[in-house]
Amino acid sequence: MGIKLLEMLASKGPTFTTAEARKTWGTNDGVTRVLVSRLAKSGWIERLEKGKYMIIPLGAEKGKFTLHEFVLGSLLVQPYAIAYWSALHHHGLTDQIPATVFVQTTARTRRRDHLVTGLHFWVVRISGRKFFGEKRERLEGKEVFITDPEKTVIDCLDKVRYSGGLVDVGLAVQTGKLDTGKLTDYAVRNGSSAVLRRLGYLCRFAGIEIPRPKPVSGSYIPLDPTIPWVGKKDPKWRVIINMDIRELEGKQ
């Protein structure tokens, strides 16, 4: 009986919720909870969070098997997209490996911080107008939404504290792998003058010209808002260069 129930769930993907199990099996709430509990005690599934489970493949040892972290992140909130530093690394735009998986959403959520199978996840809520530019990728039998390379850069400029460092974001712009038109369109669509100004300043090292926002505010904004606002000022983009940009300059 257990194997049959498991096969019914596995045909839909490597993870499931209690609600999905109830629908798949055609059982009521009480029976579903009992069946799920038995599968967990038998070592065939593992609880990720309340009401969310992972199927353990045959031959794998419970407690030692886990899914791709992006698949696990997709279970935390809806709608979602894997974003920021996590997406930057996924797209090969930084060599730094984040210790946290960043998940972007428009939904209200009680918890930002999640620990699932020993992995740390951080959920970032944004406004609906900033939620775009995600692409589908198939990982370990499940479709996962990840921000595309250009949207990832724009998101990192919008919320620098989740970027892994602006030097890496600047180097990503210089790789030549990004669609400059899309990058500019996304920056405008984001709606933040600060994002467009940070992008404009970083683009200069790649020889990319983008339009300045009009009118440009009379006040200066920090290139990196996570550190003290002290440094030289760039009059064109009206940013305070408060970070070490020598690595960017060396790539020119």
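The values are calculated or read from the model by the stated rules, or taken from the named source; none is laboratory data. All figures in this text were calculated on a predicted structure; none of them were measured in a lab. Here the Cβ positions follow ideal geometry from the backbone for every residue, glycine too, while neighbour counts run over all protein chains shown.
Per-structure values
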read-out	value
Test: residue in the range 76-94 that is touching a strand residue (DSSP E or B) at 6+ places or on another chain (Cβ under 7 Å), under 22 Å from ARG22 (Cβ atoms) and either modelled with pLDDT of 90 or more or in a loop (DSSP other than H, G, I, E, B) (or both)	yes
Residues located in the range 51-60, provided they are modelled with pLDDT of 85 or more and farther than 13 Å from LEU6 by Cβ	GLY51, LYS52
Residues within the range 223-252 that are part of a loop (DSSP other than H, G, I, E, B), over 20 Å from ALA172 (Cα atoms) and within 28 Å of the chain's Cα centre (by Cα), tallied	3
Scope the range 19-40; condition part of a helix (DSSP H, G or I) and among the small types (Gly, Ala, Ser); matching residues	ALA19, ALA21, GLY30, SER37, ALA40
Test: GLU143 is of a type in the set (D, E, K, R) and modelled with pLDDT under 95	yes
Number of positions in the range 126-142 that are in a helix (DSSP H, G or I) and crowded, with 18+ Cβ neighbours inside 10 Å	1
Options LEU9, LEU39; residue that is outside the structural domain of HIS120 (by TED's automatic domain parsing), modelled with pLDDT under 90 and within 21 Å of HIS68 (Cβ to Cβ)	LEU9
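Yes/no matrix, rows are residues, columns are (1) part of a helix (DSSP H, G or I); (2) without any contact (Cβ under 8 Å) to a residue 12 or more places away in the chain; (3) not small (Gly, Ala, Ser):
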residue: LEU115; (1), (2), (3): no, yes, yes
residue: TRP122; (1), (2), (3): no, no, yes
residue: VAL144; (1), (2), (3): no, no, yes
residue: CYS156; (1), (2), (3): yes, no, yes
residue: ALA172; (1), (2), (3): yes, no, no
residue: LEU178; (1), (2), (3): no, no, yes
